[in-house]
Amino acid sequence: MYVNLKVHDLSFTYQSLPVLSGVNFEVKKGDVLGIIGPNGSGKSTLLKNINALLKPLKGSVMLEGDNIFKMSRQKIAQSMAVVPQDTSIGFNFSVYEAVMMGRVPHLGRFQKEGEDDRTVVKESMEVTNCWSFKDRSVMELSGGERQRVILARALAQEPEIILLDEPTAFLDISYQTEIFDLIKELNIGKNLTVIAVLHDLNLAAQYCDHLILLNKGEIYKIGTPDEVITVDNIQEVYGTKVIISKHPVSKTPYVSLLPRIQDKFVKAISRKIHIIGGGGSASSLMEELFFQGMQLTAGVLNVGDKDWETAKNLGIGCTEELPFSFLSGEKHGENLEMIKNSDSVILTNTPFGRGNLKNLEAALFAVEKNFPVYIYEGFDVRLRDYTGGEAADIFQKLKDKGAREIANKSELLAIIKDKND
């Protein structure tokens, strides 16, 4: 696929203060690339370097094979348009006149716009839903309306690439969705390449094909939203704890913030809990215990299992096995090591077959080593035994050796909190 833009070894300083350092990436035609990162990480500065509004200390930006820093402003504007964060227009133009300004890069000195220019402007305004108020003053528009006008002006340039600097920063959620839906439609319908600086991680995950995560002026991670928006990456770069789940419709990462009071819970609790689950039997319990500030590990879980997804989303340490695979001796050993490093073990009501029987054996190991073992909602294992009775036999040994059956979550939480006092 054709590469629209390539950034090579880009570094930039403000008055000898390093802002960007050794930035390398390329954007393929028709891609939607999001640039994310905390305040001060260099997002907007990178965008201004890409557009040659700022000149780097070193490095290059190649636009369709040409060095952008050797191109005229008019030539750049014929291929690249910018939608800035500040959408204010300093003069009392009509909406139509403001959008017509996008044709300037295609006009010669003293040349007046022609019929082709008027056609492009009308099409740009129609696609951005602002033709209906073309005669209104830009001073009278709401924030969302003004943003559509600025986007129409950018489209009137007929660019190959559009740069967006936090285009929805001051808009309510309805306008945010409208603007990004429109941008995605243009990306798909016109094969328009989009590079957007974004603060909202959920918007970035929802609408971008790839993401760059900046940290202190360097690329910390680049990849798909699933690869970039992870618990570990967000905690390391933003310094905040989050839960990352899947959006129910798009299946993209969805970020939920945890209150900082969570840190106080964690500091107050010294006990470590290991959860043996699978098949979704431990998901809600893991979420509840995590929110309560418990220090959790889990295993062995098959990759792709709902409990595995929950553990990954919460950043819980987990011993994992390949999907649909029997638990190996190696993974069983890792599971036992996690148990040894815990203070208690919770066994959830997962079904047992030959593939995961070692998890039940791990619970038996725990109780035999005098670890408190709690069987959570695990009554009548015969209904979940697909081993010909072997699982039921181990389950009975667990109870005979002191594993405690717990009927519900509130009872389990009360016991754990009592143990922590």
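FYI, it's all coordinate maths here, none of it is from the lab. As the structure is a prediction and not an experimental result, all values here were calculated from the model. Heads up, the Cβs are rebuilt from the backbone with ideal geometry, glycines too, and the neighbour counts pull from every protein chain shown.
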Open item on the list: Taking amide H atoms as placed 1.01 Å from N in the peptide plane, list the residues 5 or more away in sequence, or in a different chain, whose amide H sits under 5 Å from that of V83.
Closed with: L163, L164, D165
Open item on the list: How charged is the neighbourhood of T319? Take every other residue with its Cβ under 10 Å from the Cβ of T319, and add Lys/Arg as +1 and Asp/Glu as -1.
Closed with: -4
Task: Candidate values (1) 56, 39, 18; (2) 35, 27, 20; (3) 56, 21, 19, label of the one derived for semi-axes √(5λ) of the Cα gyration tensor in Å - done: (3)
Task: the stretch 181-324: radius of gyration and largest Cα-Cα distance (Dmax), Å - done: 17.1, 57
TODO: Please compute the net charge surrounding F69, taking Lys and Arg as +1 and Asp and Glu as -1 over other residues with Cβ under 15 Å from its Cβ.
DONE: +4
- [ ] Quick one: what are the phi-derived ³J(HN,Hα) couplings along the stretch 175-188, Karplus 6.51/-1.76/1.60 with θ = phi - 60°, whole Hz, x for glycine and proline?
- [x] 6, 4, 5, 4, 5, 6, 4, 5, 4, 5, 4, 5, 4, 6
Open item on the list: I'd like the Karplus ³J(HN,Hα) series for the stretch 126-141: coefficients 6.51, -1.76, 1.60, θ = phi - 60°, whole numbers in Hz, and an x wherever there's a Gly or Pro.
Closed with: 5, 5, 9, 6, 10, 5, 5, 10, 4, 8, 6, 6, 5, 6, 8, 7
TODO: List every residue whose amide H lies under 5 Å from the amide H of D31, counting only residues 5 or more places away in sequence or on a different chain, with H placed 1.01 Å from N in the peptide plane.
DONE: V194
Open item on the list: Let me make sure I get this right: for the stretch 30-146, a, b and c are the square roots of the gyration tensor eigenvalues over alpha carbons, sorted descending. Under 1.5 in a/c it's rounded, otherwise prolate if a/b > b/c, else oblate. Which is it?
Closed with: oblate
TODO: Provide the three semi-axes, in whole Å and in decreasing order, of the ellipsoid equivalent to the stretch 272-421 as defined by the square roots of 5 times the Cα gyration tensor eigenvalues.
DONE: 20, 18, 14
- [ ] Using the Karplus curve 6.51 cos²θ - 1.76 cosθ + 1.60 with θ = phi - 60°, work out ³J(HN,Hα) for each residue of the stretch 311-327 in order, rounded to whole Hz, and write x for Gly and Pro.
- [x] 4, 5, 5, 8, x, 7, x, 9, 8, 10, 10, 4, x, 6, 9, 5, 5
Open item on the list: Is the C-alpha gyration tensor of the stretch 42-104 telling us rounded, prolate or oblate? Criteria: a/c under 1.5 is rounded; beyond that, a/b larger than b/c is prolate, otherwise oblate.
Closed with: oblate
- [ ] Would you grab the residues whose amide H sits under 5 Å from the one on L57? Only those 5+ places off in sequence or on another chain, please, with H modelled 1.01 Å from N.
- [x] S11, F12, T13
- [ ] Within 10 Å, count the other beta carbons around each residue, average over each peptide in 243-253, 94-104, and list them highest first.
- [x] 94-104, 243-253
TODO: For a quick protection proxy, order the peptides 197-207, 275-285 by their average other-Cβ count within 10 Å, most packed first.
DONE: 275-285, 197-207
Open item on the list: Give the lysines whose C-alpha is closer than 27 Å to that of K184, dropping any in the same chain fewer than 8 places away, or say none.
Closed with: K6, K28, K29, K43, K48, K75, K122, K134, K221, K246, K251
- [ ] Add +1 for every Lys or Arg and -1 for every Asp or Glu among the other residues with Cβ under 12 Å from the Cβ of N302, and state the total.
- [x] -3
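Taking each pair of different alpha-carbon atoms in the stretch 378-417 once, compute 1/r for the pair, average those values, and report the inverse of that mean as the Kirkwood hydrodynamic radius in Å to one decimal.
11.3 Å
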- [ ] Kindly provide the helix-only [θ] at 222 nm of the chain, computed as the sum of -39,500 (n - 2.57) over DSSP H runs of four or more divided by all residues, to the nearest 500 deg cm²/dmol?
- [x] -11000 deg cm²/dmol
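Can you order the peptides 182-189, 10-17, 73-80, 340-347 by their average number of other Cβ atoms within 10 Å per residue, highest first?
Numbers: 182-189: 15.6, 10-17: 13.2, 73-80: 17.4, 340-347: 19.8.
Final packing ranking: 340-347, 73-80, 182-189, 10-17.
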TODO: Let me know the shape class of the stretch 270-354, please: from the alpha-carbon gyration tensor, a ≥ b ≥ c as square roots of the eigenvalues, rounded when a/c is under 1.5, otherwise prolate if a/b is greater than b/c, or oblate.
DONE: oblate
